[in-house]
Amino acid sequence: MLTPEPLPFPSSQPPRAARLLDTPLQSFLRGCHATFLADENGAVADYIPELGKVDPDPFGIAVATVDGFVYEVGDTGIPFTIQSISKAMVFAFALDLLGPETVEAAIGVEPSGEAFNSIRLLPDNRPFNAMVNSGAIACCSLIANAEGEGAFDVIHAMLNRYAGRTLEVDEAVFQSERATGDRNRAIAYLLRNHGGIKGDVDHLLDTYFRQCSILVTARDLAVMGASLANHGVNPITGETVASNYAVARTLAVMSSSGMYDFAGEWIYRVGLPAKSGVGGGILAALPSQLGFGTFSPRLDTHGNSVRGIRTCEAVSEAFDLHMLSRWNDVRSCVLADYDFRAVPPQPGRETRQQRILEARSNAIRVLELAGKLSFATMDYVSRRLADPAGLPDFLILNLHRVSTITDAAMRLFIDMLKGQIPPTTTVVVAGVDSASPVAPRIRALKDEGLRVRIYPTYDAAVEWAEDQVVYRYGALSQPAVEVELKHQPLLAGFAPQELEDFVGLGAKTAYPAGVRLVAADQPSDRVYFLLKGMVSTRTASGTRIGTLIPGMSFGEMALLEEPSVADVWSESEVSCLEVTREQFHAFQEAHPRAAGRITHNLARLLAGRMRMATARIGLLTG
């Protein structure tokens, strides 16, 4: 597995490229770099004198994934000014800072079909969109009105969060833009004439020019793009940089207007939301997957990097990354759908309980879900559960393999629980522990007042549901007196005298609640037969795996001279019969037939667990 190199923050130095394995994507990017490096078409931007001095030859390609890995080829550490690429992040920032109503009332979202510095407005005197100069100046004005003298500082800090490091400003480029920015002044005065901006034009444009003069690298652009692709969360630092609303609307405007008057051709051929800058950079984002950053100063007649466009076209075509070319099948979110006619209940219960579970094998139904739960996949899940005749007493939804639940999916899920699932069915959500990315969304269901139970593991959820079936169709509560040993599955088939001798062999022991009786991976020399109370099995981190009730045993691995695979804790005051391995060997010599029954019963218990696991694996793998 490739490990992302830590990105220091707030260091102002671009991080060094990690030493990469020669993965297929890395190899492909290297091939693109070698091929397109020979393309010397285009020219550097010279309408800003300082930009006309840059070296035209550097060429860097970077790709950042939403899981925080960055691929780099070529000159990915050379700084250049961000220019118009900043417009995308500033627009998202304004939406979050000021609210959509304020921003959308001042700036349109229509493509202009003209050059980025066109002095033309919509019929209602709003800028066409935030990706052209008029819209970006209006956006900057809105932030300046809210933040006053500190407007640039908050914009600068925001872009730092997108990059995951402190970015510097190229003062020479800033002064050059300031000295030659008459066209932008004309745009600003036109906007002020129509009420589109307020305040001192020169002071406002200083903020805008300085914003465009911030230095970035191709790697920075890739991380910024990945932050947009990752629903507003920087995948390197884990910091939220924008809301989902702001990201979605920004990507929409980037799709229609981010590449100036080449935007239509771009979205047709490449199919990725993107923003270019006359400094030679291109930023692109594929939602939920990755961000691109390229740098090459030679521009075409539209103001876009020639090599950057060719690289993005090649990658998109080779790997079918066009955002409108999707192949996801909603049915793939359900790995398996079964009840305990297909997968047997967990072994180890006393005989009467086992018979109840076998007789009520359709009382528990399990849906194993995986991947991203979106609007379409959750709709598919709800349709699978639409037939009341197929709804059991207990419905277990195992989310252990679910990576994401979108807002739309959560809304459908809540509506399904409220209006579709009848009160006779209890929903049990499994696989949601503190480390689960979906944990906050699921736990919030209780705040909605919904009748749903949540367990960190599949086994714990099944254990609870089985207990409820046993109590519902057998006994209403745990027995107040000790369960007789003849009901223990490990002692099944004992003659009365053999059972009496076995009881006399062991020692009855009582424990208070909260005691660890068996430690995982530690040697143990005894088997416990639970007579009264309740114990739980847990992982080393404390996650509950299952619950044991009277009539069940634990610590059986001691008979095989193997350590336990889980911790066992008393959940209440418990009473146990404890038999050591030495006592068992003594019993074995005196009662070879009965000792053989224990060995046989233990093999049956282990085989039952294996059958259950094998059946479930078979359903999951098809």
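The values are calculated or read from the model by the stated rules, or taken from the named source; none is laboratory data. Note that the structure is a prediction, hence the values are computed from the model and not measured. Reconstructed Cβ throughout: ideal geometry from the backbone, glycine too, with neighbour counts over all protein chains shown.
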| task | Within the stretch 286-304, work out how many residues are at pLDDT 95 or above, of a type in the set (Gly, Ala, Ser) and either out of contact with any Lys or Arg (no Cβ under 8 Å at 6 or more places or on another chain) or part of a loop (DSSP other than H, G, I, E, B) (or both). | result | 2
| message | Within the stretch 487-572, considering only strands (runs of 3 or more DSSP E) that don't extend past its boundaries, which have at least 1 residues that are polar (S, T, N, Q)? | response | 507-511, 535-538, 544-548, 567-570
| query | How many of the residues in the stretch 567-585 are more than 13 Å from Leu602 (Cβ to Cβ) and at pLDDT below 85? | reply | 2
| query | Taking Ile155, is it part of a loop (DSSP other than H, G, I, E, B) and either outside the structural domain of Leu251 (by TED's automatic domain parsing) or of a type in the set (Val, Ile, Thr) (or both)? | reply | no
| message | Taking the criterion of being closer than 30 Å to Ala435 by Cα and either in a loop (DSSP other than H, G, I, E, B) or in contact with a Leu (Cβ under 7 Å, 6 or more places away or on another chain) (or both), would at least one residue in the stretch 575-584 satisfy it? | response | no
| Restricting the search to the stretch 225-254, which residues are among the small types (Gly, Ala, Ser) and either buried (at least 19 other Cβ atoms within 10 Å of the Cβ) or in a strand (DSSP E or B) (or both)? | Gly225, Ala226, Ser227, Ala229, Gly232, Ala242, Ala246
